[in-house]
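These notes concern the structure reproduced below.
The values are calculated or read from the model by the stated rules, or taken from the named source; none is laboratory data. Bear in mind the structure is a predicted one, so any value in this text is a computation, not a measurement. All Cβ positions, glycine included, derive from the backbone under ideal geometry; neighbour counts span all protein chains shown. To get the accessible areas, we keep the full protein, side chains included, count just its heavy atoms, and leave off ligands, DNA and RNA. Shrake-Rupley method; radii C 1.70, N 1.55, O 1.52, S 1.80 Å.
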Amino acid sequence: LSGIPPGIEASTTILIVSYNNITKLRNNEFFRMRLGELNCIDLRNNGLVTIEESAFRGLRKLHELRLQNNRLSVLHPDTFKETFSLIRLDVGENSITYIHVNTLMNNKKLIYFNIGNNRLKAIHPDTFKNNAELVSINISTNFLSEINRKVFANNFKLSYLNVSNNRMSFLDKGT
């Protein structure tokens with residue numbers, strides 16, 4: 001497959017299109033196909049390079065999004081703007097160099113976030129500010145040399161944090 005296949009039933013709740021050749025998700029792609037009932041999308045291992053800013057428009061019931069092992073280098077700040085119900089987001093094993101401070105702003109139900117094995121060099125102190133439900137964050141195997149002590153200040157439920165294999169020599173007290 002080189003794209004999301006047409007003709008998917010509107011009542012579909014789980015879409016698995018991993019291990020294909022889907023390199024681009026266009027604006028309103030799922031909205032145009034009337035797939036607003038989706039609660040899980042698996043796009044792993046596709047060679048995905050581009051996700052246009054409104055690709056996930058209308059996916060308000062989406063709980064799980066798997067985008068790992070693709071070729072993503074950029075996530076637009078509005079990429080997950082309408083995925084209010086997102087609980088699990090996995091963008092590990094890509095080439096992401098930067099996560100905009102507003103990228104996860106509307107994902108207040110997010111519990112699990114994996115951005116491990118990418119090329120992050122820094123994380124803005126307010127990146128996870130609106131994600132009070134986060135329990136698990138994996139930011140291992142990136143190029144982080146430090147993490148500001150305020151990055152996880154609002155993540156009181158955080159019980160799993162993986163920062164291994166970065167360029168840090170220590171974590172500040174209170175991080």
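Checking the cross-link pairs K81/K173; K109/K173; K24/K150; K121/K157; K24/K173 against a 31 Å limit on the alpha carbon distance flags K81/K173; K24/K150; K24/K173 as lying beyond it. Considered as an equivalent ellipsoid built on the Cα gyration tensor, the chain has semi-axes of 29, 17, 12 Å, the largest given first. The local environment of K109, defined by Cβ-Cβ distances under 15 Å, has a net charge of +4 under the rule Lys, Arg +1 and Asp, Glu -1. For K108, list the aspartates and glutamates whose Cα falls under 17 Å from its own Cα; do not include residues on the same chain fewer than 8 positions away. Output for K108: E64, D78, E82, D90, D126, E133.
N131 sits among other residues whose Cβ lies under 13 Å from its own Cβ, and their net charge, with Lys and Arg +1 and Asp and Glu -1, is +3.
Taking the protein heavy atoms of the chain in the context of the full set of protein chains, the accessible area attributed to carbon and sulfur is 48 percent at 1.4 Å. With contributions of -39500 (n - 2.57) from each DSSP H run of at least four residues, the per-residue ellipticity at 222 nm computed over the chain stands at -500 deg cm²/dmol.
Of the peptides 62-68, 3-9, the ranking by mean beta-carbon count within 10 Å, highest at the top, reads 62-68, 3-9. Per residue, segment 87-160 exposes 47 Å² of solvent-accessible protein surface, assessed with a 1.4 angstrom probe and all protein chains in place.
Length available on full extension from N130 to Y160: 0.36 nm per residue minus the Cα-Cα distance, which gives 9.0 nm.
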